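To start, the structure itself, in structure tokens.
The values are calculated or read from the model by the stated rules, or taken from the named source; none is laboratory data. Please read all numbers here as calculations on a predicted model, not as lab measurements. Counting neighbours? That spans all protein chains shown, and the Cβs are built from the backbone with ideal geometry, glycine included. The area values use the complete protein model at the heavy-atom level, side chains included, leaving out ligands, DNA and RNA. Shrake-Rupley method; radii C 1.70, N 1.55, O 1.52, S 1.80 Å.
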Amino acid sequence: MPEQPPYEKEGAIAATGMGGAMDLGASEAETLEQRPSAASGGRAPGGPEGAGPQEKPRSLWSDAWHDLRRNPVFIIAGLVILFLVVISLWPSLIATQNPLKCDLAKAQEGSQPGHPFGFDGQGCDVYTRVVYGTRVSISVGVCATLGVAILGSLLGGIAGFFGGVGDAFLSRITDIFFAIPVVLGGLVLLSVVTSNTIWPVIGFIVLLGWPQISRIARGSVITTRQNDYVQAARALGASNARLLLRHITPNAVAPVIVVSTIALGTYIALEATLSYLGVGLKPPTVSWGIDISAASPYIRNAPHMLLWPAGALAITVLAFIMLGDAVRDALDPKLR
């Protein structure tokens with residue numbers, strides 16, 4: 001009987017894909033096993049048919065930004081707000097005249113070359129005053145919103161996280177502030193202020209605006225506190241400060257951002273209302289509310305004095321409300 005050839009332990013048999021087989025060395029067989037098949041489109045062995053490399057799942061913020069970039073409402077509102085911010089920082093880019101320089105001989109006159117919006121009752125250029133009034137409105141809206149968001153989030157977050165007597169006490173204080181009419185409170189509190197700066201108005205808005213943000217932050221923190229990952233971090237010995245800063249705040253801040261964005265436009269309208277009533281900003285400060293108040297008696301004879309500042313105010317408030325609605329749709333998973 002002919003002697004059989006010795007068996008090569010380091011050999012391997014691989015299918016050729018055409019009904020045959022070929023001998024491979026151990027190192028070659030291992031290389032073939034680890035390398036994805038060219039016929040499978042580069043997929044790993046054992047993976048689904050035709051599946052390529054899986055994408056990393058997006059976070060809430062990246063997913064929201066992905067949706068916002070494709071939302072025409074967000075794009076339009078963002079462009080309008082960007083333009084308003086630019087002219088509030090550098091109004092001289094589109095208005096070369098002094099808003100306080102007036103000529104009584106041109107009082108209530110209509111549009112003229114170089115003065116597209118005409119003149120007001122004091123002979124001041126309406127176009128220049130509308131442009132410079134943007135600075136005051138944007139400054140009041142942004143500063144008041146930041147103050148309300150920080151104070152309301154801090155108080156509401158702490159109350160919702162710790163609960164107990166402090167939470168009950170803050171809830172009753174919040175109810176008291178909710179019972180104060182905003183306009184009536186402004187008439188009472190700001191009527192005794194003699195300052196011509198924007199800070200008394202900002203302080204008043206923060207004083208009466210924080211309860212809304214506080215209640216929203218409290219509810220969001222209570223909901224987030226009950227999630228499994230927060231309970232797991234607590235079980236692993238995480239401190240209260242770490243739980244608040246690391247786990248709860250990033251996941252509970254979305255509702256606060258949405259409400260604050262919408263409220264910014266409301267605060268701009270509130271400043272104009274208080275200035276119109278004579279208790280907000282006062283001359284010589286350039287404000288849309290002051291100009292609307294001064295133009296009201298002349299609405300029949302010179303309607304342009306009222307329409308231009310009122311239109312600028314309406315566009316600004318609408319832009320921030322549209323921005324807030326777009327952010328809400330992107331951050332709220334229930335609306336998807």
| Residue ID - least open to solvent (accessible area, probe 1.4 Å), chosen from residues in the stretch 321-336 that are outside any loop (DSSP other than H, G, I, E, B) and of a type outside the set (A, V, I, L, M, F, W, C) | Gly324
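Looking only at residues in the stretch 108-125 that are small (Gly, Ala, Ser) and closer than 10 Å to Ala302 by Cα, which one is least open to solvent (accessible area, probe 1.4 Å)?
Residue satisfying both the conditions and the ranking: Gly118.
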| remark: Of (1) surrounded by fewer than 19 Cβ atoms within 10 Å (Cβ to Cβ); (2) over 21 Å from the mean Cα position of the chain (by Cα), Thr249 satisfies every one except (2)
| message | For a quick check of your reading of the model, give me the residue pairs whose first member lies in the stretch 226-246 and is farther than 15 Å from Gly160 by Cα, whose second is hydrophobic (A, V, I, L, M, F, W, C), with beta-carbon atoms closer than 8 Å and at least 6 apart or on different chains. | response | Ala233/Leu243; Arg234/Leu243; Arg242/Ala233; Arg246/Ala233; Arg246/Ala238
| said: Test of understanding: among Phe169, Phe161, which residue is modelled with pLDDT of 90 or more and either within 30 Å of Ile290 (Cβ to Cβ) or not acidic (Asp, Glu) (or both)? | reply: Phe169
| note | In the stretch 288-309, anything β-branched (Val, Ile, Thr) and not in a helix (DSSP H, G or I) is listed as Ile299
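Okay, residues lined up against (1) closer than 17 Å to Asp291 by Cβ; (2) at pLDDT 90 or above; (3) within 24 Å of the chain's Cα centre (by Cα):
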position: Leu79; (1), (2), (3): no, yes, yes
position: Leu84; (1), (2), (3): yes, yes, yes
position: Leu93; (1), (2), (3): no, yes, no
position: Thr96; (1), (2), (3): no, no, no
position: Ala105; (1), (2), (3): no, no, no
position: Gly110; (1), (2), (3): yes, no, no
position: Phe117; (1), (2), (3): yes, yes, no
position: Val130; (1), (2), (3): yes, yes, no
position: Gly133; (1), (2), (3): yes, yes, yes
| So which residues in the stretch 247-268 are modelled with pLDDT under 85 and either of a type in the set (Lys, Arg) or not in a helix (DSSP H, G or I) (or both), if there are any at all? | none
| note | Residue hits (the stretch 125-176; over 13 Å from Ile216 (Cα atoms), of a type in the set (Gly, Ala, Ser) and in a helix (DSSP H, G or I)) are Gly133, Ser137, Ser139, Gly141, Ala144, Gly147, Gly164, Gly166, Ala168
| said: For the structure I just gave you, tell me whether Leu318 is surrounded by fewer than 18 Cβ atoms within 10 Å (Cβ to Cβ), of a type outside the set (Lys, Arg) and part of a helix (DSSP H, G or I). | reply: yes
| remark: For Asn227, the lone unmet condition from (1) within 30 Å of Arg135 (Cα to Cα); (2) out of contact with any Cys (no Cβ under 8 Å at 6 or more places or on another chain) is (1)
| field | Positions within the stretch 181-218 being open to solvent by 70 Å² or more (accessible area, probe 1.4 Å) and hydrophobic (A, V, I, L, M, F, W, C), in sequence order | value | Leu184, Val188, Leu189, Val192, Trp199, Leu207
